Amino acid sequence: MSRIDITSPNLLLGVVGAGTMGRGIAQVAAEGGIGVRIFDAQPGAAEAARGFVEKMLLRQAEKGAITAEAARAMVANVEVAGRIEDLAHADIVIEAIFEDLGAKQKVFQALEAHVRPEAILASNTSSLSVTAIAAGCQRRDRIVGMHFFNPVPLMKLVEIVPGLATSPDVTEALVGLAKRMGREPAVSEDSPGFIVNHVGRAYAPEAGRLVAENIARFSDVDRIMTGAPGFRLGPFALLDLIGSDISVGVMESIWGQFFAEPMYATGPELKLRVTGGQFGVKSGGGWYAYTDGKRVAPHVPPPPALAKDGPRSVWIMPSNTNPAFSAQLTGVLEAAGLPLDRSEHPTSEALILLTPVGWDLTTAVCDLELDHKRAVAVDMLFGLAGPRTAMVTPATDPAYRDAAHALLAADGAPVVMINDCPGFVAQRIVAHIINVACQVASRRVASPADIDKGARLGLGYPMGPLAWGDKLGPALVLHILERLEAFYGDPRYRPSPWLKRRAMLGLSLLTPDGVA
Ligand code: NAD
């Protein structure tokens with residue numbers, strides 16, 4: 001066991017760097033009843049951070065979240081350190097200076113010269129290797145990553161990142177410290193992007209590809225993903241919020257650190273916004289325009305009316321994947337304006353609707369020898385709540401395309417019409433997210449439970465991707481990826497071995513490997 005007793009009432013935490021992160025870390029430590037000493041190289045910065053923590057804690061007392069007495073006791077426990085030497089008695093020091101390897105190494109070397117031999121030294125780095133930070137130190141066994149998220153008091157997740165030489169009891173002690181600070185720890189290998197920035201490499205890059213291939217407009221991708229799949233923000237609104245300069249930089253860095261892994265590749269369509277200075281909210285415009293800081297959603301034209309010269313009836317192909325898909329679609333279209341053609345094969349002048357999973361419409365109509373001029377596909381995997389997605393091929397007759405749009409919109413539901421693609425928009429993006437999470441599991445970056453925790457708490461995803469894969473069915477996710485891989489011939493979509501094995505064996509994606 002680490003010789004640091006994390007539960008001690010006299011535990012003393014040093015914080016080096018009193019910026020955005022350092023002050024948040026000081027606040028949650030004080031809330032956990034831990035004594036804090038803040039040091040910053042910039043004169044006055046540590047005092048300002050202490051003042052900030054005091055204000056936050058007193059505000060919580062005013063709101064009744066804590067008693068005034070408790071707030072005063074917490075504030076009294078936060079001190080300013082005038083020199084780095086003043087951290088000599090700290091049990092743990094968390095470094096939160098700017099993201100520069102050389103500067104961080106210098107801070108760790110300086111700390112080593114002053115603290116006790118058993119003191120733990122942690123870095124809040126978000127992208128540097130903990131092993132690299134520790135490289136210049138004498139006692140690498142006590143150096144570890146402790147990655148908080150911004151804003152610290154609101155973001156519960158903390159990634160605990162042991163480097164190559166970190167002692168297991170140091171990792172264990174930091175898991176305990178994170179809990180004492182009211183956080184949710186997830187332990188990650190010292191691997192590029194740790195858990196969150198690695199799992200997060202699927203959403204926006206895949207959305208960018210869909211737009212680059214002219215499958216859907218960026219705003220329609222956002223409408224779809226915030227609909228039935230349940231994302232709080234669409235990928236393009238998210239890029240604008242974080243800033244494309246920051247996001248695309250992280251994408252390129254992770255892709256490079258995995259030696260040009262195609263699964264993590266981004267594309268010129270995302271990079272162009274960075275080149276053009278259209279970063280998002282902070283630059284006054286990005287994918288979206290902003291008025292007074294508020295996103296302006298592009299105009300959505302009303303659906304077309306059902307025309308007289310279009311199809312005379314609707315024929316719905318029975319679903320191979322799930323009979324409920326064709327049944328649900330039949331239910332929605334029964335009163336939509338055209339009679340349902342219930343014959344075994346579509347009669348002439350019937351609109352042909354398919355509900356494929358994984359298949360693109362072109363391959364489906366060719367394999368099934370259906371009339372491609374009259375065929376439209378509807379995405380049923382996430383249900384018909386939220387914007388409904390319908391897909392056409394270049395051969396679909398515009399009159400049949402518009403009739404499908406009108407019928408799907410007849411009950412007032414929003415409809416997004418897209419171009420042909422294996423997996424539509426939502427199936428493709430969600431399958432890619434699950435596959436990347438499986439790849440993270442396969443590389444043993446973290447336990448399956450911590451991968452899901454990281455995605456839920458760090459990325460705000462509606463479900464952990466591995467649990468999501470279980471809900472959809474690992475075999476179904478595997479099928480979508482196999483279709484994408486077959487259609488594009490792109491190794492980006494090759495299914496992770498983690499997914500493949502569990503799908504073949506009928507196991508949950510949360511099942512660990514047979515040998516630890
Ligand atoms: P910041 O610029 O707000 O604050 C950095 C502080 O460190 C400044 O007050 C600066 O004066 C001080 N400093 C610089 N060199 C120093 C030194 N040698 N000794 C003592 N103090 C020094 O930075 P931040 O946003 O708080 O980020 C800090 C770290 O946290 C970085 O490693 C960053 O990657 C990571 N991080 C940031 C975020 C975020 O969203 N801001 C999220 C997670 C992790």
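The values are calculated or read from the model by the stated rules, or taken from the named source; none is laboratory data. All figures in this text were calculated on a predicted structure; none of them were measured in a lab. Don't worry about glycine lacking a Cβ; one is built from the backbone with ideal geometry, like all the others, and counts go over all protein chains shown. In case anyone asks, the SASA skips ligands and DNA or RNA and just uses the protein heavy atoms, side chains included. Shrake-Rupley method; radii C 1.70, N 1.55, O 1.52, S 1.80 Å.
Scanning the stretch 70-84 for residues that are away from the ligand (no atom under 16 Å from the Cβ), open to solvent by less than 50 Å² (accessible area, probe 1.4 Å) and among the small types (G, A, S) returns A70, A71. Within the stretch 328-339, the residues that satisfy the criterion of being exposed (fewer than 14 other Cβ atoms within 10 Å of the Cβ) and closer than 16 Å to V378 by Cα are G331, E334. Taking the criterion of being in contact (Cβ under 8 Å) with a residue 40 or more places away in the chain and either open to solvent by 10 Å² or more (accessible area, probe 1.4 Å) or among the polar types (S, T, N, Q) (or both), the residues of the stretch 90-108 that qualify are D91, A96, I97, F98, V107.
Restricting attention to the stretch 41-54, the residues being open to solvent by 60 Å² or more (accessible area, probe 1.4 Å) and farther than 15 Å from G24 by Cα number 3.
Taking the numbered list (1) outside any helix (DSSP H, G or I); (2) open to solvent by 10 Å² or more (accessible area, probe 1.4 Å); (3) more than 13 Å from the ligand (Cβ to nearest atom) in turn, D141 passes all entries but (1). Of the residues G22, G35, the single one that is within 16 Å of the ligand (Cβ to nearest atom) and buried (at least 19 other Cβ atoms within 10 Å of the Cβ) is G22.
For the stretch 255-274, the candidate set comprises residues that are charged (D, E, K, R) and open to solvent by 50 Å² or more (accessible area, probe 1.4 Å); within that set, the residue that is nearest to S496 (Cα to Cα) is K271. Check the stretch 123-135 and report whether any residue there is more than 30 Å from G460 (Cα to Cα) and either assigned by TED's automatic domain parsing to the domain that holds A30 or β-branched (V, I, T) (or both). Yes, the stretch 123-135 has at least one match.
In the stretch 331-354, the condition of being of a type in the set (S, T, N, Q), at pLDDT 95 or above and touching a strand residue (DSSP E or B) at 6+ places or on another chain (Cβ under 6 Å) is met by no residue.
Against the definition (in a loop (DSSP other than H, G, I, E, B), within 15 Å of G14 (Cα to Cα) and in contact with a strand residue (DSSP E or B) (Cβ under 9 Å, 6 or more places away or on another chain)), how does V115 come out, yes or no? Show your work before the answer.
Working: in a loop (DSSP other than H, G, I, E, B): yes; within 15 Å of G14 (Cα to Cα): yes; in contact with a strand residue (DSSP E or B) (Cβ under 9 Å, 6 or more places away or on another chain): yes.
Spelling it out, V115 is indeed in a loop (DSSP other than H, G, I, E, B), within 15 Å of G14 (Cα to Cα) and in contact with a strand residue (DSSP E or B) (Cβ under 9 Å, 6 or more places away or on another chain).
Of the residues making up the stretch 286-327, those that are closer than 11 Å to T355 by Cα and crowded, with 18+ Cβ neighbours inside 10 Å number 5.
Scan L57, L11, L87 and give me the residue that is more than 16 Å from the ligand (Cβ to nearest atom) and surrounded by 21 or more Cβ atoms within 10 Å (Cβ to Cβ). Criteria check complete, one pass: L57. Across the stretch 359-377, the number of residues qualifying as closer than 28 Å to G234 by Cα, hydrophobic (A, V, I, L, M, F, W, C) and open to solvent by 30 Å² or more (accessible area, probe 1.4 Å) comes to 1. What residue, among those in the stretch 378-411 that are modelled with pLDDT under 95 and of a type in the set (G, A, S), is surrounded by the most Cβ atoms within 10 Å (Cβ to Cβ)? By that ranking, first place goes to G386. Can you say whether G193 is among the small types (G, A, S), under 26 Å from the mean Cα position of the chain (by Cα) and in a loop (DSSP other than H, G, I, E, B), as far as the supplied structure shows? Here the answer is yes, as G193 does meet what is asked. For beta carbons closer than 7 Å, sequence separation of 6+ or different chains, a first residue in the stretch 109-137 that is over 12 Å from G163 (Cβ atoms) and within 13 Å of the ligand (Cβ to nearest atom) and a second that is assigned to a strand (DSSP E or B) and of a type in the set (F, W, Y), the qualifying pairs are N124/F148.
Conditions tested, residue by residue: (1) among the polar types (S, T, N, Q); (2) open to solvent by 10 Å² or more (accessible area, probe 1.4 Å).
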| site | (1), (2) |
| --- | --- |
| V416 | no, no |
| Q427 | yes, no |
| I433 | no, no |
| A441 | no, no |
| G464 | no, no |
| H479 | no, yes |
